[in-house]
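K.L.:
Let me begin by handing over the structure; questions about it come next.
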Amino acid sequence: MPKKINWDNILNKAWLYTKIFFVSGIICALVFTWGTFNPNKWSKQKVNAELEHFYLEKIKDLDLREPEFIYNDDIQFVRAMHKCIDYINFTTPKDRRVPWEMIIGQAALESGWGKSRFAIKGNNLFGIRTFTETVPHLKPSGVEKWSGWGVRVFASKCDSVKEYIRLLNEHTAYKEFRVKRQAMLDKNKPLDSFVLIKTLDAFSTTKDYDKRVIRMINKIKKLENK
């Protein structure tokens, strides 16, 4: 005698699986919708990084020319610095950029607004040194023989800005700068030059170096209002 089919059991299971299917579909739809309009932090960073890389590569293809660095006074010096920084930032990822206030503040302080001997003869706006004699350099005034270091000579003043940015991004002495900068970026906060400049103890042996740069930054901001 054939076994009797339990239709009630089959219908109950079918109804259960149907409910599971619809609930799963609703959950997936909700998750997809939420993810579309509220992407997580990692996803946003990944997409932004890919877009930034795409645009940086496109900008490189434009073969932009380095701007001229011409100035006769402090205001023109600041304008020339801005043009140089903008040019460099075109091909520099956001997480490797240095606040313009810091760059111009230190350049103005270290080079005497571009009037120092190292700035004029060596295009060096930051007093960046070399410890390799074969690297093009200038010796301090009155020094004739190689003493173990010299002030680097650059092809252009904008090249010295590039090297300054590279040092802050790669040299072990400025690790704290990179950590604090990344913390600000992670919180979507603007880069605070007054906080970041305090991490550059290794840049100068002057004890109140950060305070001097901050005063210079404030002076530059006043010039920019003119």
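The values are calculated or read from the model by the stated rules, or taken from the named source; none is laboratory data. What you are looking at is a predicted structure, and each value in this text was computed from that prediction instead of being measured. Because the Cβ atoms are built from the backbone with ideal geometry, glycine has one as well, and the counts that use them run over all protein chains shown.
K.L.:
Taking into account only those residues within the range 142-166 that are aliphatic (A, V, I, L, M) and in contact with a helix residue (DSSP H, G or I) (Cβ under 7 Å, 6 or more places away or on another chain), which is nearest to residue 129 (Cα to Cα)?
P.N.:
Ranking the qualifying residues of the range 142-166, first place goes to 151.
K.L.:
Report whether or not residue 49 is at pLDDT below 95, in contact with a Pro (Cβ under 9 Å, 6 or more places away or on another chain) and not acidic (Asp, Glu).
P.N.:
Yes, satisfied.
K.L.:
Which of the residues that make up the range 119-144 are touching a Ser or Thr at 6+ places or on another chain (Cβ under 6 Å) and either assigned to a strand (DSSP E or B) or surrounded by fewer than 13 Cβ atoms within 10 Å (Cβ to Cβ) (or both)?
P.N.:
Scanning the range 119-144 gives a single hit, 137.
K.L.:
Among the residues of the range 147-156, is any charged (D, E, K, R), touching a residue at least 40 places away in the same chain (Cβ under 8 Å), under 24 Å from residue 81 (Cβ atoms) and buried (at least 19 other Cβ atoms within 10 Å of the Cβ)?
P.N.:
No, the range 147-156 has no match at all.
K.L.:
Under 6 Å between Cβ atoms, at least 6 apart or on separate chains: pull out the pairs that start in the range 164-176 with a residue that is touching a residue at least 60 places away in the same chain (Cβ under 8 Å) and end on any residue that is part of a helix (DSSP H, G or I).
P.N.:
Between residues of the range 164-176 that are touching a residue at least 60 places away in the same chain (Cβ under 8 Å) and residues that are part of a helix (DSSP H, G or I), the close pairs are 168/174; 168/177; 169/96.
K.L.:
Return the only residue of 185, 168, 138, 223 being closer than 21 Å to residue 82 by Cα and at pLDDT 95 or above.
P.N.:
Working: 185 fails: closer than 21 Å to residue 82 by Cα; 138 fails: closer than 21 Å to residue 82 by Cα; 223 fails: at pLDDT 95 or above.
Exactly one residue qualifies, and that residue is 168.
K.L.:
Inside the range 193-213, can you point out the residues that are in a loop (DSSP other than H, G, I, E, B) and over 12 Å from residue 106 (Cα atoms)?
P.N.:
Of everything in the range 193-213, those that are in a loop (DSSP other than H, G, I, E, B) and over 12 Å from residue 106 (Cα atoms) turn out to be 205, 206, 207, 208.
K.L.:
A follow-up question, please. Looking only at the range 87-108, decide whether some residue is under 20 Å from residue 218 (Cα atoms) and not in a helix (DSSP H, G or I).
P.N.:
Taking every residue of the range 87-108 in turn, at least one turns out to be under 20 Å from residue 218 (Cα atoms) and not in a helix (DSSP H, G or I).
K.L.:
Taking the conditions exactly as written (over 13 Å from residue 106 (Cα atoms), in the same structural domain as residue 103 (by TED's automatic domain parsing) and either assigned to a helix (DSSP H, G or I) or not β-branched (Val, Ile, Thr) (or both)), does residue 218 satisfy them or not? Give the derivation first.
P.N.:
Numbers: over 13 Å from residue 106 (Cα atoms): no; in the same structural domain as residue 103 (by TED's automatic domain parsing): yes; either assigned to a helix (DSSP H, G or I) or not β-branched (Val, Ile, Thr) (or both): yes.
Against the criterion (over 13 Å from residue 106 (Cα atoms), in the same structural domain as residue 103 (by TED's automatic domain parsing) and either assigned to a helix (DSSP H, G or I) or not β-branched (Val, Ile, Thr) (or both)), residue 218 does not qualify.
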